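One structure is given below, encoded as structure tokens.
The values are calculated or read from the model by the stated rules, or taken from the named source; none is laboratory data. Owing to the predicted nature of the structure, the values given are computational and were not obtained by experimental measurement. Ideal geometry is used to build each Cβ from the backbone, glycine not excepted, and the neighbour counts take in all protein chains shown.
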Amino acid sequence: MSSPSSAILTGARAAVAALEDAGVRVAFGLPGVHNLALWRELNASPIRLVGVRHEQTAAYAADGFARTSGRLGVALTTTGPGAANTLAAVGEAWASRQPVLVIATDIATKLRRPGVWRGALHEATDQAAMFVPVVKDAVRVHRAAEVGPAVAEAARTALAAPSRPVYVEVPTDLLAADAGGGPGAGPEHVRPGVQVQPPRTLPEDRLTHAVEVLDRSRRPLVWAGGGALQSGAGEAVARLAERLVAPVILTYSARGLLPPDHPCLVDAPPHVRDVGALWDEADVVVAVGSDLDAMMTQGWKMPQPPHLVAINVDAGDASKNYLPDVVLEADAGRAANALAERLGERGGLDSLARRLRDLRARVREELAGSDPDAVAFLTAIERALPPDTVLVCDMCIPGYWLGGFHRTPAPRKLSYPLGWGTLGCAFPHALGAALARDGPVVSVSGDGGFLYACGELATARQERIPLTAVVVDDGGYGMLRFDQDERGDPRAGVDLETPDFVAMAASFGVRADSVDGLGKHFAVALKGHVGRREPTVLVARAQLRPPPNVSPRWYRR
């Protein structure tokens, strides 16, 4: 740094130092007049700062980075509308429990009058309050000396189980101010952070109770969710399932927790009648790292199981939708291993494996009869993509099919936005995912959803981010078109005039191709695109019927 103040520890420098200490290596943002000091400091930092074209993308990309890596995702925004533009993406990260840190500026301290809008550039009466419903903690600093400690604490809070976004607000004048003094009273927690701290040791009485319930079971079922994946509990869940000789159903956020060839893996969602029957016939369900949400339980139409053992770092989260016999407040891997160690051996694992193979074959055969184009799409994806590919789904019919039925080879290889279910998230999510790892990344969007962030083709090109954006063009919002048709409503707002996506991508200097359909020609084209270490776009003109795992086709009503 060549400025005269280079020896001064400024608020901006303290923030960047805190990010470096937290192990951050990539951040996403958009510069504004109020946050240029952060950009200056990051320019001299080993942290790679990726400039995006819209603040929403900064938060989505940070979320995609976190989902794929398990590390902290960071988004930087300027004041007022810049901060507000991130809210939908922060909400998705919140609902999907992803560790994202949003650092936003606010107007200068000398201009602020609490609760009063004076008309300063980008001013809001209470900017932090906008974030309160969608973050784990919202922090506002009042002195430059508080900036570094606040960012460091926010990073720890975001990553602590259960992980969720944290918002830090810094008045713009504090970024250039001397941060070398004492922190004083400390930052203001607009919403106090809820720190869930499970016991260091599992209470023996609860563990004994859980083992007693499981020992009595004859038809156990393991239901594993995102908490199991985030804690890296795949081996522990597999061990528990093998001891119980129990089928394992994975939620959307746990896809890949068990390998596709595991003898206990169901590998289809409970929205399929034959899979849902496993829940109905179970005499005990072990819910590992899951809150048993509406999207997985068909609006909680799945009945209360006779017995329920819940493993969760948050007892309230474990108990809010179904009533457990016992809650083990602990890391998923630790608690699953503790149960497995105390359970006796059971026979019948080979028989269960055969039963589940037959079930998977039956499900695919039935889908091939009812939705042959969708099965051809699933087959094309599986044949075209290397096992280390990260597949990022949007809120679109092809994304729903992948979320429910893609044979995910490993943890963090499938990203699905439920969550909040935010349309348009896949392509910007994929920008972060591609910078979190070295292998291929493929986003799958509809034509409507891709247009939400199509300007980020410029980011992908400028930053040389290697990913393939698949756009399935069905001429509009296919899911909503289906909903209107099912209800007998006139089609309104769902049939869209869309651009020539290939020409649009080419105008950004991005290679693009198009194919008709989602079968063999699509598979060949996709394989070629994934093999290129550059941003590309592949457009497939096709229509699919929605899968059984979306609400209009739920069988429980």
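Figures for the structure shown
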| quantity | calculated |
| --- | --- |
| Residue match in the stretch 401-409 (condition: assigned by TED's automatic domain parsing to the domain that holds Ala503, more than 19 Å from Phe482 (Cβ to Cβ), of a type in the set (Gly, Ala, Ser) and buried (at least 24 other Cβ atoms within 10 Å of the Cβ)) | no |
| Contacts under 8 angstrom Cβ, first residue in the stretch 431-453 being closer than 12 Å to Leu391 by Cβ and modelled with pLDDT under 95, partner not aromatic (Phe, Trp, Tyr) and not in a helix (DSSP H, G or I), 6 or more apart | Gly439/Pro386; Gly439/Asp388; Gly439/Thr389; Gly439/Val390 |
| Criterion (surrounded by fewer than 24 Cβ atoms within 10 Å (Cβ to Cβ), within 19 Å of the chain's Cα centre (by Cα) and among the aliphatic types (A, V, I, L, M)) met by exactly one of Ala93, Ala155 | Ala155 |
| Selection status of Thr57, of a type in the set (S, T, N, Q), surrounded by 18 or more Cβ atoms within 10 Å (Cβ to Cβ) and in contact with a His (Cβ under 8 Å, 6 or more places away or on another chain) | no |
| Pairs, first surrounded by fewer than 19 Cβ atoms within 10 Å (Cβ to Cβ) in the stretch 286-301, second small (Gly, Ala, Ser), C-beta under 7 Å, six or more apart | Trp300/Ala294 |
| Only listed residue being of a type in the set (Asp, Glu), within 30 Å of Ser551 (Cα to Cα) and part of a helix (DSSP H, G or I), chosen from Asp205, Asp274 | Asp274 |
| Some residue of the stretch 374-391 being buried (at least 23 other Cβ atoms within 10 Å of the Cβ), within 30 Å of Ala27 (Cα to Cα) and in contact (Cβ under 8 Å) with a residue 24 or more places away in the chain | yes |
| Pair list, Cβ < 8 Å and 6+ apart or interchain, from the stretch 344-359 residues that are exposed (fewer than 11 other Cβ atoms within 10 Å of the Cβ) to residues that are in a helix (DSSP H, G or I) | Gly344/Asp215; Gly344/Arg243; Glu345/Arg243 |
| Test result for Ala277, free of Cβ contacts under 8 Å to residues at least 24 places away in the same chain and either within 18 Å of Asp358 (Cβ to Cβ) or surrounded by 19 or more Cβ atoms within 10 Å (Cβ to Cβ) (or both) | yes |
| Qualifying residue in the stretch 97-120 (condition: surrounded by 20 or more Cβ atoms within 10 Å (Cβ to Cβ) and assigned to a helix (DSSP H, G or I)) | no |
| Qualifying residue in the stretch 279-299 (condition: modelled with pLDDT of 95 or more, touching a Cys at 6+ places or on another chain (Cβ under 9 Å) and over 23 Å from Pro546 (Cα atoms)) | no |
| Residue in the stretch 469-476 that is modelled with pLDDT of 95 or more and closer than 27 Å to Ile47 by Cβ present | yes |
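Every residue, every condition in (1) at negative phi; (2) modelled with pLDDT of 95 or more, yes or no:
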{"site": "Gly115", "(1), (2)": "no, no"}
{"site": "Asp126", "(1), (2)": "yes, no"}
{"site": "Gly148", "(1), (2)": "yes, yes"}
{"site": "Arg156", "(1), (2)": "yes, yes"}
{"site": "Pro162", "(1), (2)": "yes, no"}
{"site": "Val168", "(1), (2)": "yes, yes"}
{"site": "Asp173", "(1), (2)": "yes, yes"}
